[in-house]
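The values are calculated or read from the model by the stated rules, or taken from the named source; none is laboratory data. The structure displayed is predicted, hence computed values, not measured ones. Note that we place each Cβ from the backbone using ideal geometry, even for glycine, and neighbour counts take in every protein chain shown.
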Amino acid sequence: MLWLPTDTRNPGRTMLDIPSRVRVHVETLLAAQNDMGVCDAFEQYAPVGKPDDMNAPHPPKVAGIDSTVPSPAHTVAPAPAASENTATTPVSPPTTPGAPGLLLQDRLAGWVSDLTTLHELTERMARTDSLSDALQELLRAGSALVGARRGLVVLEPADGRGPDTTVGLGLARADLGHIETVPRGSMSYGKILDGLPGGDGEIAQPDLFAEDGLDPRHREVAARLGYAASYALPLHTDAAGRLGAAVWLYDEPAQPAERQRHLVGLYTRYATEHLARLLEVERTRACMATMSEELLPSRLPRVAGVQLAARHRTGPLGGGDWYDALPLPDAALGLAVGAVTGSGPSAVAAMGRLRASLRAYAVMEGEDPVAVLSDLELLLRLTEPARSATALFAYCEPALRKITLAGAGHCPPLLIGERRTEFVETSVSAPLGMLACWEAPSVELQAEAGETVLLYTDGLLRRTGDATDRAFARLHTAAASVPRSIRHDPDAIAEHVLRAVLPDGLDVADSTEDVVLLAARFE
């Protein structure tokens, strides 16, 4: 038990009195540094009158590492053992630099400094939430620990599922290109990734130009980029296997000291576990995005009298927002947008089923949008009883610029023209699957030449973070501000509206809300 005496002059304060004179067994001290811990090195505390020895100023540290602390105990000559009567006979405080008490104090200070540094760096790594940010943080922290200025991480998971990428610190894309021209087997990261001899652990090359077997191309690239030494570590976990390799480059012949190698090894093991988790998240996002895109139209149809453009943004979990455009008999065109409740694989699958069903209903009875949505609602109740959806279907006759549409709990379309920018008035209706029998009247719209009808999902409004009325006002303002020079291009109109409603990267940021925009310009 540790007793903390109270300051009699200030009862609210507690003084931590750590004596500088302690009875230490040298064998215990030597074993404590790496295996037994600090407390096992102390056999007895002896109060003294100078508690400020531990507070004596130390030389400045670099990157949180006190380089003046003596090297590990097993590299230092053993100090003479303390006599058995140390605890009972007063002994003058040690004054020589090699005294066990001062040696232990310095080592304690070094251990605390190292632990503090590792804690700060691992906390910074834990705060990264994307794979690219984590790789950059690994390079920055590792360069501080090993004393290098530049480096690179080659991410190449052994399972072959990707993603494969190379990230540099202090190296431009052209510099990484030069490094990639070096034969892979002659680079330290190549030996690690390919499992070549000597590639199962750290690889230190303290003086590249002094090596006899250095590849000529490697020598040329090192001279061009100005590095003379390197230190590489594998990124490996028991669960995920080999993920890649990290390499730090020195401008002059050098290598990290034993203490630096120990610290960067501890940090890299933690960072690799974090990278493995982010890698799985990245793979899941890519898989969901691929599934969503494959279930949506690969390209929009070409129909005389109308030009089409679309924008789609999927959240990291995958969502149920969708759109469609399909040619119909009698030179007609069917346009549809919708959103299925929920997120994840089940919502993506439900979205694919609804979209495929709507295409079939549109071919059979597309001229009656109410009938199309009624059939879709019946299918939803039978196949997805616990799910609801919003949808809007428009039957377009491009030659007449006539549109007949019906909506089920969906946002009203937006009409953008030279003389007007307004929302289309649609009848109030419930989403599909909310009522025992859905029904709502259709609405007819007559567009003028050069006008664009914009269909969208409510994810566009929700991503703004504004209240519904303010989000609609923002959308109307964005549509009204479309420059005249691009009003003939529906693709440019959709892009302008998307960026104006969701500025500062909100259109590509991670969000639980999908976004769909479908623009149709009538000639």
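Overview of values
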read-out	value
Members of segment 298-332 that are hydrophobic (A, V, I, L, M, F, W, C), touching a Phe, Trp or Tyr at 6+ places or on another chain (Cβ under 9 Å) and surrounded by fewer than 23 Cβ atoms within 10 Å (Cβ to Cβ)	Ala310, Leu328, Ala332
Any chance Gly338 is surrounded by fewer than 23 Cβ atoms within 10 Å (Cβ to Cβ) and either within 29 Å of Gly505 (Cβ to Cβ) or not assigned by TED's automatic domain parsing to the domain that holds Leu506 (or both)	no
Residue among Thr468, Thr404 that alone is of a type in the set (Ser, Thr, Tyr), closer than 25 Å to Leu506 by Cα and out of contact with any His (no Cβ under 9 Å at 6 or more places or on another chain)	Thr468
Scan of segment 483-520 for residues that are crowded, with 18+ Cβ neighbours inside 10 Å, over 31 Å from the mean Cα position of the chain (by Cα) and not aliphatic (A, V, I, L, M), ordered by number	Arg487, Pro490
Pairs with Cβ under 7 Å, 6+ apart, first in segment 423-435 and touching a residue at least 24 places away in the same chain (Cβ under 8 Å), second of a type in the set (Ser, Thr, Tyr) and in a loop (DSSP other than H, G, I, E, B)	Pro431/Ser388; Leu432/Ser388; Gly433/Ser388; Met434/Ser388
Number of the condition not met by Gly142 [criteria: (1) of a type outside the set (A, V, I, L, M); (2) at negative phi; (3) free of Cβ contacts under 8 Å to residues at least 12 places away in the same chain]	(3)
Residues of segment 229-244 satisfying the condition of being in contact with a Ser or Thr (Cβ under 8 Å, 6 or more places away or on another chain), under 15 Å from Gln205 (Cα atoms) and hydrophobic (A, V, I, L, M, F, W, C)	Ala232, Leu233
Selection status of Leu300, outside the structural domain of Arg140 (by TED's automatic domain parsing), farther than 30 Å from Leu118 by Cα and in contact with a helix residue (DSSP H, G or I) (Cβ under 9 Å, 6 or more places away or on another chain)	no
Matching residues, segment 102-147, being under 17 Å from Pro234 (Cβ atoms) and either in a loop (DSSP other than H, G, I, E, B) or outside the structural domain of Leu169 (by TED's automatic domain parsing) (or both)	none
Tally, over segment 446-478, of residues that are of a type in the set (A, V, I, L, M, F, W, C), without any contact (Cβ under 8 Å) to a residue 40 or more places away in the chain and not in a helix (DSSP H, G or I)	1
Test: residue in segment 179-200 that is assigned to a strand (DSSP E or B), in contact with a Ser or Thr (Cβ under 8 Å, 6 or more places away or on another chain) and more than 25 Å from Ala257 (Cβ to Cβ)	no
Cβ pairs under 8 Å, 6+ apart, first in segment 284-302 and within 15 Å of Ala519 (Cα to Cα), second β-branched (Val, Ile, Thr) and modelled with pLDDT of 85 or more	none
Asp200 being in contact (Cβ under 8 Å) with a residue 24 or more places away in the chain and either surrounded by fewer than 15 Cβ atoms within 10 Å (Cβ to Cβ) or not aliphatic (A, V, I, L, M) (or both)	yes
Residue match in segment 393-407 (condition: within 30 Å of Arg285 (Cα to Cα) and either surrounded by fewer than 19 Cβ atoms within 10 Å (Cβ to Cβ) or at pLDDT 90 or above (or both))	yes
Lone unmet requirement of (1) modelled with pLDDT of 95 or more; (2) among the small types (Gly, Ala, Ser); (3) surrounded by fewer than 19 Cβ atoms within 10 Å (Cβ to Cβ) for Gly151	(3)
Gly213 vs. criteria in the same structural domain as Ser388 (by TED's automatic domain parsing) and out of contact with any Pro (no Cβ under 6 Å at 6 or more places or on another chain)	no
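A quick yes/no check of all residues on (1) modelled with pLDDT under 95; (2) out of contact with any Ser or Thr (no Cβ under 7 Å at 6 or more places or on another chain):
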{"position": "Ser427", "(1), (2)": "yes, yes"}
{"position": "Leu435", "(1), (2)": "yes, yes"}
{"position": "Trp438", "(1), (2)": "yes, no"}
{"position": "Val443", "(1), (2)": "yes, no"}
{"position": "Gln446", "(1), (2)": "yes, yes"}
{"position": "Gly450", "(1), (2)": "yes, yes"}
{"position": "Val453", "(1), (2)": "no, yes"}
{"position": "Tyr456", "(1), (2)": "no, yes"}
{"position": "Arg463", "(1), (2)": "yes, no"}
